[in-house]
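The values are calculated or read from the model by the stated rules, or taken from the named source; none is laboratory data. Since we're looking at a predicted model, the values are computed, not measured. Here the Cβ positions follow ideal geometry from the backbone for every residue, glycine too, while neighbour counts run over all protein chains shown.
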Amino acid sequence: MERTAIYAGSFDPVTNGHLDILKRGLKLFDHIIVAILINPNKQSFFSVEERIDMLQEVTKDLHNTEIDTFSGLLVDYAEQKKAHAILRGMRAVSDFEYEFQLALMNRRLNRDVQTVFLMTGLRWIFTSSSIIKEAARFGGNIHGMVPELVEKRLALKMEELGLFIPKK
């Protein structure tokens, strides 16, 4: 039986920390579906289509991965995809309480879907999509924190939206 996991998030944008979790997850699972949550209540920086495109590009050499989108309950999506696990990355203790609550709720909703936590590699412990966007907005050097493609697209998007604030 193939071991399939869902790695869900907003990936707005995908970071090297996300890719680290995905690559390490592929050592545990035969197939991982990277699923972008479509949340109409959340204002995203990149469109769903842009995020799909970036994820497809940066994972093209990672076999046994699939990029998809979903809305609604993650455990329902996992069941629909015949996945038995949800893969989650944790950066720090501050993530633990929230992730623990989600895992408990998901377990209550569907006992057949397990949550597997991977600690983020030390190199990525301080990175998040939000912090990356904020640093880029103020001209911070984000090189090496996101894939090169994402770094370029982030700069273009900031410029396009008039959000880039050059250093003084």
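Conditions tested, residue by residue: (1) touching a strand residue (DSSP E or B) at 6+ places or on another chain (Cβ under 9 Å); (2) of a type in the set (Ser, Thr, Tyr); (3) surrounded by 15 or more Cβ atoms within 10 Å (Cβ to Cβ).
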| position | (1), (2), (3) |
| --- | --- |
| Gln80 | yes, no, no |
| His84 | yes, no, yes |
| Leu87 | yes, no, yes |
| Leu118 | yes, no, yes |
| Leu122 | no, no, no |
| Lys133 | no, no, yes |
| Asn141 | no, no, no |
| Glu151 | yes, no, yes |
Looking only at the range 89-107, and only at residues there that are more than 21 Å from Leu122 (Cβ to Cβ) and in contact with a helix residue (DSSP H, G or I) (Cβ under 9 Å, 6 or more places away or on another chain), the one that is surrounded by the most Cβ atoms within 10 Å (Cβ to Cβ) = Asn106
List the number of the failed condition for Phe46; all other conditions in (1) crowded, with 16+ Cβ neighbours inside 10 Å; (2) within 20 Å of Leu118 (Cβ to Cβ) hold.
-> (2)
Mind checking which strands (runs of 3 or more DSSP E) fall wholly inside the range 21-96 and carry at least 3 residues that are hydrophobic (A, V, I, L, M, F, W, C)?
-> 31-37, 85-90
Being of a type in the set (D, E, K, R), touching a residue at least 60 places away in the same chain (Cβ under 8 Å) and over 14 Å from Ile32 (Cα atoms), is that true of even one residue in the range 110-121?
-> no
Might you let me know whether the range 88-107 holds any residue that is out of contact with any Leu (no Cβ under 7 Å at 6 or more places or on another chain), modelled with pLDDT of 95 or more, among the charged types (D, E, K, R) and over 16 Å from Arg24 (Cα atoms)?
-> yes
Among (1) more than 25 Å from Leu73 (Cβ to Cβ); (2) in contact with a helix residue (DSSP H, G or I) (Cβ under 6 Å, 6 or more places away or on another chain), the one test that Val113 misses | (1)
Identify all residues within the range 35-46 that are of a type outside the set (Phe, Trp, Tyr), out of contact with any strand residue (DSSP E or B) (no Cβ under 6 Å at 6 or more places or on another chain) and within 21 Å of Ile131 (Cβ to Cβ); write none if there are none.
-> Asn39, Lys42, Gln43, Ser44
